[in-house]
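The values are calculated or read from the model by the stated rules, or taken from the named source; none is laboratory data. These numbers come from a predicted model, not from an experiment. For neighbour counting, all protein chains shown are included, and Cβ atoms are generated from backbone atoms with ideal geometry for every residue, glycine included. For the accessible areas, the whole protein counts, side chains as well, though only heavy atoms, and no ligand, DNA or RNA atoms are used. Shrake-Rupley method; radii C 1.70, N 1.55, O 1.52, S 1.80 Å.
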Amino acid sequence: MNRKLRMGMVGGGTDAFIGAIHRLAALMDNQIELVCGCFSVNPKISKESGKLYFLPEERVYDTYQEMFEKEAQLPEGERMDFVSIVTPNFVHFDPAVMALDHGFNVVLDKPITFTLEEALKLKEKIDETGLTFALTHTYSGYPAVKQAKQMIAEGRFGKIRKVFVEYPQGWLSSKLEDTGNPQASWRTDPKKSGKAGCMGDIGTHAHHLAEYITGLKVTEICATLNVFVPNRLLDDDGAAFMRFDNGAQGVLMATQIAAGEENAIRIRVYGDKGGLDWEQMEPNSLKLKWTDKPMQIMRVGTSMDTAIAAHNTRTPGGHPEGYLEAFANIYRNFALTVSAKANGEEPTAEMLDFPGVEDGIRGMQFIDTVVSAGYNNEVKWVKFGDII
Ligand SMILES: NC(=O)c1ccc[n+]([C@@H]2O[C@H](COP(=O)([O-])OP(=O)(O)OC[C@H]3O[C@@H](n4cnc5c(N)ncnc54)[C@H](O)[C@@H]3O)[C@@H](O)[C@H]2O)c1
């Protein structure tokens, strides 16, 4: 295969938030082109959106079912290669399974599905079809995060003992869901979001970042979940102590009622020789702290010293490699993997470095565990489960 990959989209119309970010990221590296979509649950909005994205009318569909059926009937040289599904959580599993059944690779946003059972079934379908699947846990895409992961894997900080990960936001400080805000409405509705609110929406990002950077797995959780805004149906705040499989201890905090906060996700990891500190609102800096020398700041584009950071860096030092680029790294690595497989080549480890279905299953286990621990004052530690 020596051409751009053809992308379709479910969700991401003019009525949506994250779809536009996905399109910017997917198109950033000239590996991918948008060819079709069912951009909204409302067919009129889907049509209008398709026009704005300069797509031919016949490739803009009223339902995702129609899209998968019709695209599968197009000649091989025209039909989409993969679909990006960027709908609310309760519309993840069905379109993902249907896409795989019709032979399309899938990019899906987190949390992977509505329930853990669905996530396990989705894994079976991915294994059965052999198609490529990516899950957009964005924060794993930053070059400084890749550098940190590699440094920990090389043992530069010694044995990892302590992890602090936090994701404070403030946008749900008031009852925004009552104002008709679509993003707030489905996120606070257990029938659409799932059994967790804040913990499903951003706690899963924090948990994924902690496991991705350290290479460790959470084995037990002690948690508290809170609903601060009166009459809200799901948690809007919470915290968890975590035990990891090497004996390390962690603290995770996620909140959407920290009034005034933006997207201040931050992680600190400490081994017995030193530690690191990264925050996404200052994404090019990785602070390194040592027991025997002064603190260092490694910078993206100048002083990162791993091949994996270089592979995921686009600009010279000083130009922030931000949210769009982190998203784009997931898309580029996914596209390189799909193309390599189509050419009968083995994708390299660098190409395969994007979150997949196992990360999604871990995310659903995190939601289940933190919810069961978070409202239980009788039991201190709840086992994470041992599925993946
Ligand atoms: N990775 C990240 O950083 C990140 C950030 C934001 C959101 N997300 C995830 O992305 C997903 C979407 O979130 P959002 O904030 O963009 O939601 P949104 O409400 O802004 O947009 C959802 C879109 O899906 C469409 N839709 C709903 N049902 C559909 C159907 N049956 N067929 C076709 N389209 C349908 C809606 O019309 C809308 O266009 C969620 O799963 C969310 O958790 C991830």
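Structure summary
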{"read-out": "Flag if G180 is within 18 Å of the chain's Cα centre (by Cα), within 14 Å of the ligand (Cβ to nearest atom) and without any contact (Cβ under 8 Å) to a residue 60 or more places away in the chain", "value": "no"}
{"read-out": "Cross-chain or 6+ apart pairs with Cβ under 8 Å, the range 152-167 first and in a helix (DSSP H, G or I), then among the hydroxyl-bearing types (S, T, Y)", "value": "I152/T214"}
{"read-out": "Test set (1) within 16 Å of the ligand (Cβ to nearest atom); (2) assigned to a loop (DSSP other than H, G, I, E, B) - S173 fails condition number", "value": "(1)"}
{"read-out": "Number of positions in the range 320-335 that are surrounded by fewer than 20 Cβ atoms within 10 Å (Cβ to Cβ) and either without any contact (Cβ under 8 Å) to a residue 12 or more places away in the chain or assigned to a helix (DSSP H, G or I) (or both)", "value": "2"}
{"read-out": "Leading residue by the ranking (farthest from the ligand (Cβ to nearest atom)) among those in the range 1-23 that are under 17 Å from T87 (Cα atoms) and open to solvent by 60 Å² or more (accessible area, probe 1.4 Å)", "value": "T14"}
{"read-out": "Some residue of the range 196-207 being under 24 Å from E279 (Cβ atoms), surrounded by fewer than 24 Cβ atoms within 10 Å (Cβ to Cβ), near the ligand (Cβ under 10 Å from one of its atoms) and touching a residue at least 24 places away in the same chain (Cβ under 8 Å)", "value": "yes"}
{"read-out": "Residue check, Y212 in a strand (DSSP E or B), touching a residue at least 12 places away in the same chain (Cβ under 8 Å) and among the hydroxyl-bearing types (S, T, Y)", "value": "no"}
{"read-out": "Complete set of residues in the range 69-95 that are within 14 Å of the ligand (Cβ to nearest atom) and either under 18 Å from H22 (Cβ atoms) or polar (S, T, N, Q) (or both)", "value": "V83, S84, I85, V86, T87, P88, N89, V91, H92, P95"}
{"read-out": "Candidate set from the range 24-41 (those that are part of a strand (DSSP E or B) and among the hydrophobic types (A, V, I, L, M, F, W, C)); member that is surrounded by the most Cβ atoms within 10 Å (Cβ to Cβ)", "value": "C38"}
{"read-out": "Those residues of the range 355-388 which are open to solvent by 20 Å² or more (accessible area, probe 1.4 Å) and of a type in the set (V, I, T), in sequence order", "value": "V371, V379, V382, I387, I388"}
{"read-out": "Residues within the range 79-105 that are in contact (Cβ under 8 Å) with a residue 40 or more places away in the chain, over 22 Å from A340 (Cβ atoms) and either of a type in the set (A, V, I, L, M) or part of a loop (DSSP other than H, G, I, E, B) (or both), tallied", "value": "5"}
{"read-out": "When residues of the range 44-68 are limited to those that are within 16 Å of the ligand (Cβ to nearest atom) and assigned to a loop (DSSP other than H, G, I, E, B), the one nearest to G13 (Cα to Cα)", "value": "Y53"}
{"read-out": "Scan of the range 272-289 for residues that are over 20 Å from H207 (Cβ atoms) and surrounded by 13 or more Cβ atoms within 10 Å (Cβ to Cβ), ordered by number", "value": "K273, G274, E282, N284, S285, L286, K287, L288, K289"}
{"read-out": "P190 vs. criteria within 14 Å of the ligand (Cβ to nearest atom), open to solvent by 10 Å² or more (accessible area, probe 1.4 Å) and modelled with pLDDT of 95 or more", "value": "no"}
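Per-residue answers, yes or no, for (1) in a helix (DSSP H, G or I); (2) in contact (Cβ under 8 Å) with a residue 24 or more places away in the chain; (3) within 14 Å of the ligand (Cβ to nearest atom); (4) closer than 13 Å to H92 by Cα:
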{"site": "P111", "(1), (2), (3), (4)": "no, yes, yes, yes"}
{"site": "F114", "(1), (2), (3), (4)": "no, yes, yes, yes"}
{"site": "E118", "(1), (2), (3), (4)": "yes, yes, yes, yes"}
{"site": "K121", "(1), (2), (3), (4)": "yes, yes, no, yes"}
{"site": "E124", "(1), (2), (3), (4)": "yes, no, no, no"}
{"site": "D127", "(1), (2), (3), (4)": "yes, no, no, no"}
{"site": "L131", "(1), (2), (3), (4)": "no, yes, no, no"}
{"site": "Y139", "(1), (2), (3), (4)": "yes, yes, yes, no"}
{"site": "A144", "(1), (2), (3), (4)": "yes, yes, no, no"}
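Every residue, every condition in (1) open to solvent by 40 Å² or more (accessible area, probe 1.4 Å); (2) in contact with a helix residue (DSSP H, G or I) (Cβ under 8 Å, 6 or more places away or on another chain), yes or no:
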| residue | (1), (2) |
| --- | --- |
| P43 | yes, no |
| S49 | no, no |
| D62 | yes, yes |
| R79 | yes, yes |
| I112 | no, yes |
| L120 | yes, yes |
| I126 | no, yes |
| T132 | no, yes |
| A144 | no, yes |
